[in-house]
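Have a look at the structure below before the remarks.
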Amino acid sequence: MGEVKFVPIHNWDNCIACAIKGRLNDQGGETTIKNGTSKFEISYADDQTGIVFVSGKTAPVLLTWDVFFATIDIMKQNGGKALKGDASKKLGSKDLKLDTIEGYVASTIFGKKKNQTVEKNIVRIGAILKWADIVKVGKDYLELNEEYK
């Protein structure tokens, strides 16, 4: 997997980046996450801009730190809990509103506009944030753990 085995945690780092970096540093920069019956590999991006997510089914996907920050931001805007959103729908539809995690990340990080299709990232985002003990994952929502509210 990745070449980067350790990423320094700086005093200016966002607390979400600190939590993820701390866990991943403890694992030598890469690990396997179990999510139900699925297993995913994560590692640092070689340029340290985020986390590379690998599933046996798809090509590696880079989730930049901003993806995680936006996820936490929309959850805080909604009292610490936000709906996941359905990325199989068009952005702005009733199932993929802009205040869902998928909708908010697609519009603020990836620059998607209403009625566009978006990349499905919620399983990746939720699995990493749960693994880092930042959120609880529900059927259709993510909820911040108490210390991150």
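The values are calculated or read from the model by the stated rules, or taken from the named source; none is laboratory data. Source: prediction; values computed, not measured. Ideal geometry is used to build each Cβ from the backbone, glycine not excepted, and the neighbour counts take in all protein chains shown.
List of remarks:
- When Glu30 is tested against (1) at pLDDT below 95; (2) under 21 Å from Val61 (Cβ atoms); (3) acidic (Asp, Glu), exactly one condition is not met: (1).
- For Val4: the one exception among (1) out of contact with any strand residue (DSSP E or B) (no Cβ under 7 Å at 6 or more places or on another chain); (2) crowded, with 16+ Cβ neighbours inside 10 Å; (3) part of a loop (DSSP other than H, G, I, E, B): (1)
- Any hit, the range 25-32, residues being in contact with a helix residue (DSSP H, G or I) (Cβ under 8 Å, 6 or more places away or on another chain), farther than 26 Å from Ala106 by Cβ and buried (at least 17 other Cβ atoms within 10 Å of the Cβ): yes
- Considering Glu119, Glu147, Glu143, the condition of being surrounded by fewer than 20 Cβ atoms within 10 Å (Cβ to Cβ), in a loop (DSSP other than H, G, I, E, B) and at negative phi is satisfied by Glu119 alone.
- Number of residues in the range 82-112 that are surrounded by fewer than 16 Cβ atoms within 10 Å (Cβ to Cβ), more than 27 Å from Ala45 (Cβ to Cβ) and under 17 Å from the mean Cα position of the chain (by Cα) equals 1.
- Cβ pairs under 8 Å, 6+ apart, first in the range 1-29 and more than 26 Å from Leu144 (Cβ to Cβ) and touching a residue at least 12 places away in the same chain (Cβ under 8 Å), second in a helix (DSSP H, G or I) and polar (S, T, N, Q): Phe6/Asn25
- Close pairs (6 angstrom Cβ cut-off, 6 or more residues apart or separate chains): in contact (Cβ under 8 Å) with a residue 24 or more places away in the chain and buried (at least 18 other Cβ atoms within 10 Å of the Cβ) in the range 42-55, among the small types (Gly, Ala, Ser) and not in a loop (DSSP other than H, G, I, E, B) anywhere: Val52/Ser43
- Members of the range 65-101 found to be outside any loop (DSSP other than H, G, I, E, B) and among the β-branched types (Val, Ile, Thr), listed by number: Val67, Thr71, Ile72, Ile74, Ile101
- Qualifying residues in the range 56-73 (those that are of a type in the set (A, V, I, L, M) and in contact (Cβ under 8 Å) with a residue 12 or more places away in the chain) - the one surrounded by the fewest Cβ atoms within 10 Å (Cβ to Cβ): Leu62
- Some residue of the range 72-92 being among the β-branched types (Val, Ile, Thr) and under 21 Å from Cys18 (Cα atoms): yes
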